[in-house]
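The values are calculated or read from the model by the stated rules, or taken from the named source; none is laboratory data. Everything numeric here is computed off the predicted structure, so don't read it as measured data. Ideal geometry is used to build each Cβ from the backbone, glycine not excepted, and the neighbour counts take in all protein chains shown.
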Amino acid sequence: MSNNINKTGVIGNPIEHSLSPEIHNYWIKQNQLKTEEYQKIKLDIDNLESQVSELIKNKFFGLNVTIPFKEELYLFCDDVSGTAKKLKAINTITCNNGKIFGTNTDPDGFINSLSNQIKNENITNKNALVIGAGGSSRSIVYALNKMGAHVTLVNRTFKKSEQIVRDLNIEMQIENFESINKLVSGCDLIVNTTSLGMTGHKNIEIDFVNSKPNLHVYDLVYNPIETKLLKDAKDNNKTCQNGLDMLVYQAAESFKIWHGIYPNIDNDLFSILRRDK
């Protein structure tokens, strides 16, 4: 595509923390694409649709969507992917011939961020504990169900958990947040989808003493790079990973949609992202 129409970026509020420009611009440079730099754009919560329309008029044909606009802009699209319909949320917009198409690359980003060993030994026909029932939780539960996991969802309120069950139309166990440590012993995978452990937030306290030897712990938080949850897991000889992995792999899906290239995911990129945290 020519210079004047190939503009991409990420929209959200707040947006200052976003690492998406570092990721996409790394790939743009690596693939020598003739396009403008990927930008981060803060939009007002009011008049959201008119602001997005203005961006499209200004030649933005691809936009990533982050908090708090994923659900609202789902309704703004002319058409959406099957995954987006299930999640009732989008994180990627593509504009072609005046039509706005929305999809959600979060589930594939999560799936692709996992090694085959983890998929085989900790997910397929295994027990997965998902902490939280927010927007990220929907994507994780959807992905785990797709991979054949037996999912248990814990949250402080049952209402949000029950809404996820209804929307995704899948069978899973719902428990209250206080029961986490009682459930750990039966888990093969734990995924934290909440902001707990993030810089400035409270930590999750999990007792790993009675956990399975091969338990894998995945924390979607990546600021700090190692949360207390991950540190505690490592101290108990558990394998673990942070949210940078999913962030990069979901970005790769968006990059492929827009540019027709699945980018190279290498250690240099992760080094840049860890340095910027």
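Screening the candidates 159, 146 for the property of being of a type outside the set (Ser, Thr, Tyr) and closer than 22 Å to residue 248 by Cα yields one hit, 146. Note on the stretch 262-277: residues that are in contact with a helix residue (DSSP H, G or I) (Cβ under 7 Å, 6 or more places away or on another chain) and in a loop (DSSP other than H, G, I, E, B) total 4. Kindly indicate whether any position in the stretch 38-48 is polar (S, T, N, Q) and either over 21 Å from residue 220 (Cβ atoms) or loosely packed, with under 15 Cβ neighbours inside 10 Å (or both). Yes, the conditions are met somewhere in the stretch 38-48.
If you go through the stretch 162-175 and keep only what is more than 20 Å from residue 103 (Cα to Cα) and assigned to a helix (DSSP H, G or I), you end up with 162, 163, 165, 166. Scanning the stretch 144-161 for residues that are in a helix (DSSP H, G or I) and either in contact with a Gly (Cβ under 6 Å, 6 or more places away or on another chain) or hydrophobic (A, V, I, L, M, F, W, C) (or both), we see that the one that is modelled with the highest pLDDT is 144. Number of residues in the stretch 16-56 that are among the hydrophobic types (A, V, I, L, M, F, W, C) and over 20 Å from residue 270 (Cα atoms): the value is 8.
Under the condition of being more than 15 Å from residue 255 (Cβ to Cβ) and either more than 18 Å from the chain's Cα centre (by Cα) or surrounded by fewer than 18 Cβ atoms within 10 Å (Cβ to Cβ) (or both), the residues counted in the stretch 61-70 number 2. With respect to residue 211, determine if the residue is over 28 Å from residue 38 (Cα atoms), modelled with pLDDT of 95 or more, surrounded by fewer than 21 Cβ atoms within 10 Å (Cβ to Cβ) and in the same structural domain as residue 144 (by TED's automatic domain parsing). Judged against the criteria, residue 211 is not a match.
If you go through the stretch 102-123 and keep only what is in contact with an Asp or Glu (Cβ under 6 Å, 6 or more places away or on another chain) and either part of a strand (DSSP E or B) or more than 30 Å from residue 49 (Cα to Cα) (or both), you end up with 113, 122.
Only a single criterion out of (1) out of contact with any strand residue (DSSP E or B) (no Cβ under 8 Å at 6 or more places or on another chain); (2) touching a residue at least 40 places away in the same chain (Cβ under 8 Å); (3) of a type in the set (A, V, I, L, M); (4) part of a loop (DSSP other than H, G, I, E, B) is not satisfied by residue 67, namely (1). Taken over the stretch 223-243, the criterion of being in contact (Cβ under 8 Å) with a residue 60 or more places away in the chain and either over 16 Å from the mean Cα position of the chain (by Cα) or in a helix (DSSP H, G or I) (or both) is satisfied by 239 alone. Take the residues of the stretch 221-252 that are out of contact with any strand residue (DSSP E or B) (no Cβ under 9 Å at 6 or more places or on another chain) and among the hydroxyl-bearing types (Ser, Thr, Tyr): which is surrounded by the most Cβ atoms within 10 Å (Cβ to Cβ)? Among residues in the stretch 221-252 that are out of contact with any strand residue (DSSP E or B) (no Cβ under 9 Å at 6 or more places or on another chain) and among the hydroxyl-bearing types (Ser, Thr, Tyr), the one surrounded by the most Cβ atoms within 10 Å (Cβ to Cβ) is 222.
Kindly establish whether residue 231 is of a type outside the set (Val, Ile, Thr) and assigned by TED's automatic domain parsing to the domain that holds residue 93. When the stated conditions are applied, residue 231 does not pass them. Residue check: residue 90 meets all listed conditions (1) assigned to a strand (DSSP E or B); (2) farther than 26 Å from residue 188 by Cβ but one, namely (1).
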